[in-house]
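The structure under discussion appears below in the form of structure tokens.
The values are calculated or read from the model by the stated rules, or taken from the named source; none is laboratory data. These numbers come from a predicted model, not from an experiment. As a convention, Cβ positions derive from the backbone with ideal geometry for all residues, glycine included, and neighbour counts pool all protein chains shown. Note: areas computed on protein heavy atoms with side chains; ligands, DNA, RNA excluded. Shrake-Rupley method; radii C 1.70, N 1.55, O 1.52, S 1.80 Å.
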Amino acid sequence: MGAFEPTMAELTIDFRQISESFPREVVDRILQETGRESVRRRKLPAHVMVYYTIALGLMGSASAREVLRVLVRDVRDQFPNSEAVIASRAGICNARQRIGAQPIRRLFEQVAKPIAKRTTKDASLGNLRLVAIDGSSLQLQDTPANRKQYGRASAADGKTSPLPLIRFVGLCEIGTHVVFAARMGAWEIGETTLAKQLMDRLEPGMLCLADRLFYGFELWDQAVATGAQLLWRVQKGIRLPRIKTLSDGSYLSYVRARSNAKVAERARCLPVRVIEFTITVGGKRTEYRVITTLLDPKKHPAQKLANLYAKRWGIETAFAEVKTYLKGSGVLLRSQRPNLVEQDFYGLLLAHFGVRSIMHEAAQAQSIPPTELSFLHAVRVIIRRLPEMVSFSPLWWLPHAPSAPCG
């Protein structure tokens, strides 16, 4: 008989965790700072719409009204005609337009953070927190506004898409699958361009993993300046002079700016350690070459770092959780307007952060790695008990001013 593996149904879930992840006082402060707080009584006030946007991320395949029904079920049941208090689709659209994307983006930027503790399993290398950076894309509703704002992939990009796309880049904590920073943009914006906007989220005490498409001297230099340690794969064409061969077969080298850079930039060299290894999958051998800021082979042997690089796939799994289990496989982001596309995107990431925060606490209680729990099962349990997580007063359904038309 195999080892017992707990599932979400067998773990104690503390639903206060998701409320603590998105505190009401933080939501209210952000709405005030962005000028989006409700100034008159409405059926769907601003703070409710913030939590509603997160619920939309949890229930990507459900209709707008169905998500609202689930979110406010406990309050709705206090009314004799409960269906009458659920806003119309147009009313929901109006309310989403009123708050826009900025409060949702700012909430994500303020609350999303690495959550692993020293006792979290598979989350660190010694005292270094494992994180990774990578990029992906999401398909949008095919509207003229979305096509104009975000664009579509062409054959020249190596992909074809009949639908508008956003490109995004995220930083993920490997041990918990928490995406703690992200930037999105039009499809034509490159991943390294978006990645530069995330480098300030790296910090000392982190070890950042990255695929070969991210390496460039400018980005590497920016990442090194944060004080974080780096382990990045590089392309074969990158020149890495062998300065000194080390006892474990790795060697010391340096990286520098391209030959067409300014003279002062070309003169700067950053020391790196190069590790080369081969991986065989399904009979196919693939050569890897990674560079790292961890220069001491005694503290960090080459074989150990080579094995560690495979953990970079954790961010691919996290993105799959966002794109498949939350949004739904083959399901487009729901909004037809560019500003609400951004709202959808950060609401989706907030939902993922909430789910992963709960799963981390559950895993801690059982002393198992958070990645061993079923994400899909966790989402189902959370949706079923969603009204327990965020309490709303029925007072916000008392007489209210009519909604403005959906512009």
Legend entry - segment 120-242 shape via C-alpha gyration tensor axes, a/c threshold 1.5: prolate
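With a cut-off of 8 Å between alpha carbons and a minimum separation of six or more residues, what is the relative contact order of segment 169-250 in percent?
Value for segment 169-250: 23 percent.
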Inset, instruction - Within the set of other residues whose C-beta is less than 15 Å from the C-beta of E173, count the net charge using Lys and Arg as +1 and Asp and Glu as -1. - result: +3
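Normalised by the residues of segment 150-306, what does the relative contact order come to in percent, with Cα pairs under 8 Å and at least six apart? Numbers along the way, then the final one.
Details: 272 pairs, mean separation 22.8, N = 157.
15 percent.
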Legend entry - Förster radius 25 Å - calculated FRET efficiency between T324 and R212, Cβ distance, rounded to 0.05: 0.50
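Hey, what's the Cα Rg ratio for segment 236-357 versus the globular rule of thumb, 2.2 N^0.38 Å? Display every interim value, and only then the final one.
On the way: Rg = 20.9 Å, N = 122, 2.2 N^0.38 = 13.7 Å.
Normalised Rg, Cα atoms only: 1.53.
Can you tell me how much longer the chain between Q366 and R89 gets when fully stretched, taken as 0.36 nm per residue apart minus their C-alpha distance, in nm with one decimal? Present the calculation step by step, with values, prior to reporting the outcome.
Numbers: separation 277, 0.36 × 277 = 99.72 nm, distance 4.25 nm.
Computed gain between Q366 and R89 is 95.5 nm.
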Legend entry - In order through segment 316-327: 3J(HN,Hα) via Karplus (6.51 cos²θ - 1.76 cosθ + 1.60), integer Hz, x for Gly, Pro: 4, 5, 4, 5, 5, 4, 5, 7, 9, 7, 8, 5
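Could you tell me the calculated FRET efficiency between R380 and S63, based on Cβ-Cβ distance and R0 = 22 angstrom, to the nearest 0.05? Intermediate values should be presented prior to the final figure.
Numbers: r = 18 Å, r/R0 = 0.82.
Step by step, r from the Cβ atoms, then E = 0.75.
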Inset, instruction - May I ask you to evaluate 6.51 cos²θ - 1.76 cosθ + 1.60, the Karplus curve with θ = phi - 60°, for each residue of segment 209-222 and list the ³J(HN,Hα) values in order in whole Hz, giving x for glycine and proline? - result: 9, 8, 6, 5, 6, 8, 5, x, 4, 4, 5, 4, 4, 5
Legend entry - Residues whose placed amide H lies under 5 Å from that of V178, excluding near-sequence neighbours: E173
Inset, instruction - Find how much the distance from D142 to A310 grows on full extension, using 0.36 nm per residue of separation minus their present alpha carbon separation; answer in nm with one decimal. - result: 56.8 nm
Legend entry - 12 Å beta-carbon shell around Q97, net charge (K/R +1, D/E -1): +4
Inset, instruction - Step through the residues of segment 366-372 one at a time and calculate ³J(HN,Hα) from phi using the Karplus curve (6.51 cos²θ - 1.76 cosθ + 1.60, θ = phi - 60°), rounding each to whole Hz and writing x for Gly and Pro. - result: 9, 6, 10, x, x, 6, 7
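By its C-alpha gyration tensor, with a ≥ b ≥ c as the square roots of the eigenvalues, how is segment 300-393 shaped: rounded for a/c under 1.5, else prolate for a/b larger than b/c, else oblate?
On the way: a/c = 2.58, a/b = 1.40, b/c = 1.84.
Because a/c hits 1.5 or more and a/b fails to exceed b/c, segment 300-393 counts as oblate.
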Inset, instruction - For H377, tell me the accessible area in Å² from a 1.4 Å probe, rounded to the nearest 10. - result: 60 Å²
Inset, instruction - May I ask which of K121/K284; K196/K311; K117/K327; K113/K196; K148/K311; K113/K284 have a Cα-Cα span longer than 26 Å here? - result: K121/K284; K117/K327; K148/K311; K113/K284
